[in-house]
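J.: Structure in structure tokens, see below.
No lab work stands behind these numbers, since they all come straight from the coordinates. Just so we're clear, the structure is a prediction, and the values are computed from it rather than from any experiment. Cβ: placed from backbone, ideal geometry, glycine included. Neighbour counts: every protein chain shown.
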Amino acid sequence: MQTWFITGASRGFGLEMARAALAAGHKVIATARIRRHIVDALQGDHERLFALTLDVTQPASIEAAVRDAVERFGRIDVLVNNAGYGQLGAFEEVSRDQLVRQFDTNVFGVFDVTRAVLPIMRRQRAGHIITISSIAGMSGGAGSSIYCASKHAVSGWSEALAEELALFGIKVTCVYPGRFRTDFLDRSSVRYGDIKIADYAAFSTARIEALDANNHLQAGDPQKFALAIIDLASNKAPPVWLAGGSEGYRVFMAKANALRDNAERWKEVATSLDVQG
């Protein structure tokens, strides 16, 4: 039996992972900004479920949740950094205020929650940190530059963190899901740019219409995703990078091929820059 600490557990991936972990017999600390939403979705607390209020942008909220979790269950074996949202829109149409809010949640929130949990895992000399990134953290795309930047940030951080924490027996995995049938594109979740620029009008309108048309029609199954994450946490040698869904696999392969082709095309320039002699 493991003890899981999941952020953003009131809906989407977070809720499905909480359900799957409970079904597998694990203990779960399920957190979200509005605790009642978790309680309603999971039908109340019980001996293996502890629902907590947690706003990842508020350090005091993080500290209180982690403290209460350890008091209740004594340890944290798996941390799932899942809380986040998509700030979409062309770069120039996203204000600095929107940019800061995106990074406060998707990046600094992840950092702060992990920083609060790591002392517990180091004392245990065991643990697994699973951070939900996105295919946007593997390959950039027009109309989502700020979201891509936030997910690339936790991707690079996860790679380095995996090396730092191996000394303590703590594993790190960054997961890159493609498009899944969650409410990610609902207007209660996704955000669009708050600056209107005429040059981007046609592009932005077409992109919003396309995303709205695809909402809840995505290929990925959130329940299958959750089950895969539960299995991942039991793996003795989990990967640092994990693609999510067939779209995630395609993006991984396309990125790998593009990097290889780029490296070969520009090999002469790259290798000419070393000090000679």
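J.: Dividing the convex hull volume of the alpha carbon atoms of the chain by its residue count, what do you get in Å³ per residue? Display every interim value, and only then the final one.
T.: Values: hull volume 44.6 nm³, N = 277.
So the per-residue hull volume is 161 Å³.
J.: Another question, if that's okay. For the chain, what does -39500 (n - 2.57) per DSSP helix run (n ≥ 4), summed and divided by total residues, give at 222 nm, in deg cm²/dmol to the nearest 500? Display every interim value, and only then the final one.
T.: Values: 10 runs with 131 residues, N = 277.
Helices in the chain give a 222 nm mean residue ellipticity of -15000 deg cm²/dmol.
J.: For Lys151, go through the lysines and keep the ones whose alpha-carbon is under 19 Å away, minus same-chain ones fewer than eight residues off.
T.: Lys255
J.: Another question, if that's okay. At most 10 other Cβ atoms within 10 Å and a DSSP loop assignment: could you name the trypsin sites (Lys or Arg not before Pro) in the stretch 201-277 that fit?
T.: Answer by residue number: Lys236.
J.: For the chain, give the share of DSSP beta bridges that are antiparallel, in percent and rounded to the nearest 5; count only bridges with both residues there. Let's see the in-between values first.
T.: Numbers: 1 of 29 bridges.
Beta bridges within the chain, antiparallel portion: roughly 5 percent.
J.: So which lysines pass the test for Lys236, namely a Cα distance under 22 Å, with those fewer than 8 places away in the same chain ruled out?
T.: Counting by Cα, and skipping residues close in sequence, Lys236 has these lysines nearby: Lys27, Lys171, Lys224.
J.: For a footprinting-style exposure proxy, rank Phe180, Phe203 by other Cβ within 10 Å, fewest first. Intermediate results must be reported in sequence, preceding the final value.
T.: On the way: Phe180 21, Phe203 14.
Arranged by neighbour count, lowest to highest, Phe180, Phe203 become Phe203, Phe180.
J.: So who's got an amide H within less than 5 Å of the one on Ala51, skipping anything under 5 residues away but keeping other chains? H placed 1.01 Å off N, in plane.
T.: Distant-sequence amide H within range of Ala51: Ala30.
J.: Ranked from highest to lowest mean number of other Cβ atoms within 10 Å per residue, what is the order of the peptides 88-101, 51-64? It would help to have the intermediate numbers written out before the result.
T.: Values: 88-101: 16.6, 51-64: 18.3.
Highest mean packing first, the order is 51-64, 88-101.
J.: What's the extension gain from Gln58 to Ala210 if we count 0.36 nm per residue and subtract their Cα-Cα distance?
T.: 51.3 nm
J.: DSSP loop (so not H, G, I, E, B), at most 10 other Cβ within 10 Å: list which trypsin sites (Lys or Arg not before Pro) in the stretch 140-203 pass both filters.
T.: Details: sites: Lys151, Lys171, Arg179, Arg181, Arg187, Arg191, Lys196; in loops: Arg179, Arg181, Arg187, Lys196.
Those satisfying the criteria are Arg187, Lys196.
J.: With charges set only on the Cβ (+1 for Lys and Arg, -1 for Asp and Glu), what does the dipole of the chain come to about its Cα centre, in debye to the nearest 20? Let's see the in-between values first.
T.: Values: 31 positive and 30 negative charges, 136 e Å.
About 660 debye.
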